[in-house]
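Here's the structure we're looking at; comments come further down.
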Amino acid sequence: MKQPNFIVIYCDDLGYGDLGCYGSETVKTPHLDGLADEGIRFTNWYSNSPVCSPSRASLLTGKYPARAGVGEILGAKRGSHGLPADEVTLAKALKPAGYRTALFGKWHLGLSEETSPNAHGFDEFFGFKAGCVDFYSHIFYWGQAHGVNPLHDLWENETEVWENGRYMTELITERSVDFIQRSQEQEAPFFLFASYNAPHYPMHAPQEYMDRFAHLPWDRQVMAAMIAAVDDGVGEIVKALKEAGCYEDTVIFFSSDNGPSSESRNWLDGTEDVYYGGSAGIFRGHKASLFEGGIREPAILSWPNGWEGGQVRDEVVAMMDIAPTFLDLAGVDPAAGPLQGVALDGSSLKEMLQMRMPSPHKQLFWEYQGQLAVREGDWKLVLNGKLDFDRVVPDQVHLSDLSRDPGERSNLADRYPEIVERLSRDVRDWYKEVQRHGS
């Protein structure tokens, strides 16, 4: 069987409720809605972390963040280390199977040469290495409180390049389309990571996109405009695949690293209030929270030659499942390649998707800055939960039945003490284990 191409399209701080196919009545995303119609839309897909760097580490390594050596948001000082050099990314694991690899956009897994995208298996890299940049100047401003001066952060492999005035979302799309077009000249399959920084702050969008949503309040308007620019990018990528004659043979995964940001810096006008622009739909919590709003993500998988389109799947799965799934679909034996001897936490979803098998996960676990969480079936336990980076909740122990209360509004901890005790023990044991066996 022909090896499929792989594309990961990743957003930054996109809420579960901010796509048309996930119920948004204000954000228009026709291209992503079309991709969902032609593929599989997931309702219980989780990020492995409520913040960016750890989520991306899990996506690329197939491990829980702590075991991949990236448990926190990484800094932006030039030369800073990130994802350990001995970690095997999906790109590095696919290369021995003949895959060409490219990453365009956000990296945020290290600024040193040994932790750069090129060092981690990407043949081509164009984008920025730190967490966020100004969309037009590509300057990183947000480390000043930590002693980091503003710095320009746009690179072509290891060479600094300048594209002043060019909107970052459009640059990422352009590079992705060009890579696909060049693939026609190659017989090798490819892995493309289109890593958009929208709709992460700063809230920037071209006027044409702002005009589409002029009827909305500014916070919702700029959010919708930024997402619409990404949606148009997805449309361009799909169009390029079809023109290159490889759409049917390409597996496309779309998702986001974590839930929407409530940080006041999104306002851009000095407002100190919580930001309301992004939507987690019915879910509680935002970015940095282990409640559903911080970690449950929109997720779409499309492969015309592999799966029937128009499916909606409810199995509980996570970002760390992408790497083993793609390797399985590529016919790569992890035990015989760069991953030989490496224990993955994620599982291939091939059987689940093709033979209607159940989720490979009986439990999923999370940890972030003192918070712990576990999901088992319909039960979800959150310990020391927060709503975002700063806002704490009154109950240090919160148990929900997500089948009845997906928004985690009712605390059942007092009614089911034996479940609380068992799940608390399980998540604490897991946390000790990943700390002990982390990189």
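Checking the condition among the polar types (S, T, N, Q), in contact with a Phe, Trp or Tyr (Cβ under 8 Å, 6 or more places away or on another chain) and either closer than 27 Å to Gly62 by Cβ or open to solvent by 50 Å² or more (accessible area, probe 1.4 Å) (or both), which residue from Gln354, Gln371 passes?
Step by step, each of Gln354, Gln371 is checked, and only Gln354 is among the polar types (S, T, N, Q), in contact with a Phe, Trp or Tyr (Cβ under 8 Å, 6 or more places away or on another chain) and either closer than 27 Å to Gly62 by Cβ or open to solvent by 50 Å² or more (accessible area, probe 1.4 Å) (or both).
Can you pull out every residue in the stretch 146-178 that is open to solvent by 10 Å² or more (accessible area, probe 1.4 Å), in a helix (DSSP H, G or I) and of a type in the set (Val, Ile, Thr)?
Listed by number, the residues that qualify are Thr173, Val177.
Could you count how many residues in the stretch 401-439 are part of a loop (DSSP other than H, G, I, E, B) and at pLDDT 95 or above?
Count: 15.
Six or more apart or on different chains, Cβ under 7 Å: which pairs go from a residue in the stretch 51-79 that's closer than 21 Å to Ala194 by Cβ to one that's open to solvent by less than 10 Å² (accessible area, probe 1.4 Å) and among the aromatic types (Phe, Trp, Tyr)? Could you list them?
Val51/Tyr368
On the given criteria, is Phe253 aromatic (Phe, Trp, Tyr), assigned to a strand (DSSP E or B) and at pLDDT 95 or above?
Here the answer is yes, as Phe253 does meet what is asked.
Tell me the residue from Ser255, Ser261 that is within 15 Å of the chain's Cα centre (by Cα), surrounded by fewer than 24 Cβ atoms within 10 Å (Cβ to Cβ) and touching a residue at least 40 places away in the same chain (Cβ under 8 Å), please.
Ser255
Would you please list the contacts, defined by Cβ atoms under 9 Å and residues six or more apart or on different chains, that run from a residue in the stretch 183-197 that is farther than 17 Å from Leu103 by Cβ to a residue that is of a type in the set (Asp, Glu)?
Final answer for the pair search is Gln184/Glu243.
When the residues of the stretch 313-329 are filtered to those that are open to solvent by 10 Å² or more (accessible area, probe 1.4 Å) and of a type outside the set (D, E, K, R), which remaining residue is farthest from Pro358 (Cα to Cα)?
The residue in question is Leu329.
Could you please let me know if Ala198 is among the small types (Gly, Ala, Ser), modelled with pLDDT of 95 or more and not in a loop (DSSP other than H, G, I, E, B)?
Answer is no for this residue.
Could you tell me whether any residue of the stretch 206-213 is touching a residue at least 12 places away in the same chain (Cβ under 8 Å), open to solvent by less than 10 Å² (accessible area, probe 1.4 Å) and in a helix (DSSP H, G or I)?
No, the stretch 206-213 contains no residue that is touching a residue at least 12 places away in the same chain (Cβ under 8 Å), open to solvent by less than 10 Å² (accessible area, probe 1.4 Å) and in a helix (DSSP H, G or I).
Being farther than 21 Å from Gly127 by Cα and small (Gly, Ala, Ser) is the filter here, so list the residues in the stretch 52-104 that pass it.
Scanning the stretch 52-104 gives Gly62, Ala66, Ala68, Gly69, Gly71, Ala93, Ala97, Gly98.
Based on this model, can you work out whether Gly277 counts as buried (at least 16 other Cβ atoms within 10 Å of the Cβ) and part of a loop (DSSP other than H, G, I, E, B)?
The answer is yes for Gly277.
For the stretch 214-237, which positions are outside any helix (DSSP H, G or I) and of a type in the set (A, V, I, L, M)?
Matches in the stretch 214-237: Ala214, Leu216.
Could you give me the residue pairs with C-beta distances under 6 Å whose first residue belongs to the stretch 407-430 and is more than 24 Å from Glu297 (Cα to Cα), whose second residue is in a helix (DSSP H, G or I) and open to solvent by less than 80 Å² (accessible area, probe 1.4 Å) wherever it lies, and which are 6+ apart or on separate chains?
Ala413/Val420
Can Ser255 be described as in contact with a strand residue (DSSP E or B) (Cβ under 9 Å, 6 or more places away or on another chain), of a type outside the set (Phe, Trp, Tyr) and under 20 Å from Tyr46 (Cα atoms)?
Against the criterion (in contact with a strand residue (DSSP E or B) (Cβ under 9 Å, 6 or more places away or on another chain), of a type outside the set (Phe, Trp, Tyr) and under 20 Å from Tyr46 (Cα atoms)), Ser255 qualifies.
Mind counting the residues in the stretch 309-342 that are without any contact (Cβ under 8 Å) to a residue 40 or more places away in the chain, assigned to a loop (DSSP other than H, G, I, E, B) and within 30 Å of Trp379 (Cα to Cα)?
0
Give Ala330, Ala373, Ala318 a once-over and let me know the one that is among the small types (Gly, Ala, Ser) and more than 29 Å from Val420 (Cα to Cα).
The match here is Ala330.
Can you find, within the stretch 1-14, the residue that is nearest to Arg284 (Cα to Cα) among those that are part of a loop (DSSP other than H, G, I, E, B) and either among the polar types (S, T, N, Q) or out of contact with any His (no Cβ under 8 Å at 6 or more places or on another chain) (or both)?
Only one residue fits best here, namely Leu14.
Considering Glu113, Glu124, Glu72, which residue is touching a Gly at 6+ places or on another chain (Cβ under 9 Å) and acidic (Asp, Glu)?
Answer to the selection: Glu113.
The values are calculated or read from the model by the stated rules, or taken from the named source; none is laboratory data. Computed from a predicted structure; not experimentally measured. Heads up, the Cβs are rebuilt from the backbone with ideal geometry, glycines too, and the neighbour counts pull from every protein chain shown. With ligands, DNA and RNA removed, areas are computed over all heavy atoms of the protein, side chains included. Shrake-Rupley method; radii C 1.70, N 1.55, O 1.52, S 1.80 Å.
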